[in-house]
Amino acid sequence: MKCNKALQNRMKRAKGQMNGVLTMMENETACMDILTQLKAIRANIDKTIGILTTENLIQRIEENLNIKLDDIDDALDLIIKGK
């Protein structure tokens, strides 16, 4: 699977957020503030899973069926973003 830079950056952002949460815990930050950050991390991870899954599916279809899927971004946004 080829992962693009945007996907890798997303994971780096989640890693940074996790480090931030650990710092918050060490500094005895309010529970609600920590929960807010954890929810943001979860949302980021969930979206990353959706993007990774759909990109993998597209790559498999294009490689195995030897076709190019163009103009599929709007459909994928419906799946990933739920809009």
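Every number in this text was worked out from the coordinates using simple rules, so none of it is lab data. As the structure is a computational prediction, the values presented were derived from the model and not from experiment. With ideal geometry, Cβ positions are generated from the backbone for all residues, glycine too; neighbour counts draw on all protein chains shown.
Helix by helix, which DSSP H runs in the chain go 20 Å or more along their axis at the Cα atoms and have an average Kyte-Doolittle hydropathy of 0.0 or more?
Long hydrophobic helices here: 31-65.
What residues of the range 1-15 lie in the reach of a label at residue 63, counting those whose backbone N is under 18 Å from a point 7 Å from the Cα along Cα→Cβ?
1-5, 7-8
Mind giving me the nanometre distance, one decimal, between the label points for residue 52 and residue 22, set 7 Å out from Cα along Cα→Cβ?
1.9 nm
Rule-of-thumb check for the range 5-81: C-alpha Rg over 2.2 N^0.38 Å?
Relative to the 2.2 N^0.38 Å estimate, the range 5-81 comes out at 1.48.
Taking R0 as 25 Å, what FRET efficiency do you get between residue 42 and residue 7 from their Cβ-Cβ distance, rounded to the nearest 0.05?
Rounded to the nearest 0.05, the efficiency is 0.90.
What GluC sites (Glu not before Pro) does the chain have in DSSP loop regions with at most 16 other beta carbons within 10 Å?
Loop-located and lightly packed - 28.
Run the helix sum for the chain: -39,500 (n - 2.57) per DSSP H stretch of 4+ residues, divided by residue count, reported at 222 nm to the nearest 500 deg cm²/dmol.
-27500 deg cm²/dmol
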